[in-house]
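The values are calculated or read from the model by the stated rules, or taken from the named source; none is laboratory data. All figures in this text were calculated on a predicted structure; none of them were measured in a lab. Glycine gets a Cβ as well: all are built from the backbone with ideal geometry, and neighbour counts include every protein chain shown. Side chains included, ligands, DNA and RNA excluded: accessible areas come from the protein's heavy atoms. Shrake-Rupley method; radii C 1.70, N 1.55, O 1.52, S 1.80 Å.
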Amino acid sequence: MDSETRQLRALEAEVAALQRECTMLPEPWEKTSGAGKSFQKFPQSNSEGWESLKDLKSQLGHLKSELSFLSKLTGINIKNYSKIEDITNTEVTEMDTKEVLQRHRLSGNCSVVTFQLEFQVLQIETKEKLSSIITDLNIIMEPTEYSELSEFASRAEEKRDLLMFFRSLHFFVEWYEYRKNTFKHFKEKYPDSVYLSEGTCSHCMEIHSARQPGFELVIVWKIQIDEEGKVFPKLDLLTKVPERALELDKNKIIETAPLSFRSLLGVLGIEAALDSLIKLLCVEND
């Protein structure tokens, strides 16, 4: 939009200049040669600019359509945007370089996660190109109970990487929704064996054995984001069994259960591994 804005401003300046020229026109009985010469100063290709101005509304409509498509594709919705500062730091130098500092603010959401961003952009304009550098980034996210997101937001602020922030947020929400739907599925399939202490939004799923009272397995499912912004799930198995059972477990099956569970995940995948685990502990054999 910067190019359209600059073009619009240039056209407005030309209109103002034309208006000034009109006020200087001679009366009908005076000679008009001077005014004619003045008007000849303006290039005859102005009609191209006016044509672009007429197309501006349709271009904006097209951009809005593209924004709507991207929102549906990524799940990220931008609700509000404003440019709260536009400061020229330096005048045009001898090298024909101009630096402009701008501060932007926007807010939106990605599913249940809402965010507010403030970032500062330094625009460097030369004859050859226009480049932009983010010099400051501040991120506020809600809800804050997702510790993984809080840590990630801090890293994104340090790196001043907006692209990484939006990309990782998108994949985090995808895994969050998948975890919620998976836990909900097993709760509905095994209502007497599966417990979600914090509802379907919980990151833990408890499996209680009806055949062996006191035996309990806990699936801890976290969503991690590494230093480069890559999002991946991490599932661990915790065991809760009576002390007597540990003493009788000569083959260390309970002790090695977490490692065996990770191997099972690699072979079967998340849903099949969880289903096999629940059946093994809770379902009566025919």
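Annotations
- Between the listed residues Phe115, Ser131, Met141, the Cα displaced farthest toward the positive end of the dipole of the stretch 95-158, a dipole computed from Cβ unit charges relative to the Cα centre, is found at Ser131.
- Going by accessible surface with a 1.4 Å probe and the largest first, Cys201, Cys110 read Cys201, Cys110.
- For a label point 7 Å along the Cα-to-beta-carbon line of Leu265, residues of the stretch 142-176 with backbone N under 15 Å: 175-176
- Shown is the FRET efficiency for Arg160 and Thr200, computed with R0 = 35 Å from the Cβ-Cβ distance and rounded to the nearest 0.05: 0.50.
- Between Thr126 and Lys64, the simple spin-label model (points 7 angstrom out along Cα→Cβ) gives 3.9 nm.
- Residue pairs, from the table Lys184/Lys230; Lys180/Lys222; Lys83/Lys127; Lys180/Lys234, whose Cα atoms sit over 23 Å apart: Lys184/Lys230; Lys83/Lys127
- Environment charge at Arg262 (Cβ cut-off 12 Å; Lys +1, Arg +1, Asp -1, Glu -1): 0
- The magnitude of the dipole of the stretch 98-224, with charges of +1 and -1 set on the Cβ of Lys/Arg and Asp/Glu and taken from the Cα centre, is near 320 debye.
- Gln116 sits among other residues whose Cβ lies under 11 Å from its own Cβ, and their net charge, with Lys and Arg +1 and Asp and Glu -1, is 0.
- Order by protection proxy (mean Cβ within 10 Å, highest first), peptides 163-169, 193-199: 163-169, 193-199
- Based on the convex hull around the alpha carbon atoms, the stretch 128-286 presents an average projected area of 13.0 nm².
- Estimated from the Cβ-Cβ distance and a Förster radius of 30 angstrom, the FRET efficiency linking Lys252 and Thr74 is about 0.05.
- Label point 7 Å beyond Cα of Lys222 along Cβ direction - residues of the stretch 142-183 with amide nitrogen under 14 Å: 146-152
- P(r) tail fraction, the stretch 205-272 - alpha-carbon pairs more than 14 Å apart, %: 67
- Highest average first, the peptides 152-158, 57-63 ordered by how many other beta carbon atoms sit within 10 Å of their residues are 152-158, 57-63.
- In this label model, Glu174 and Ser276 are separated by 2.6 nm, measuring between points 7 Å along each Cα→Cβ vector.
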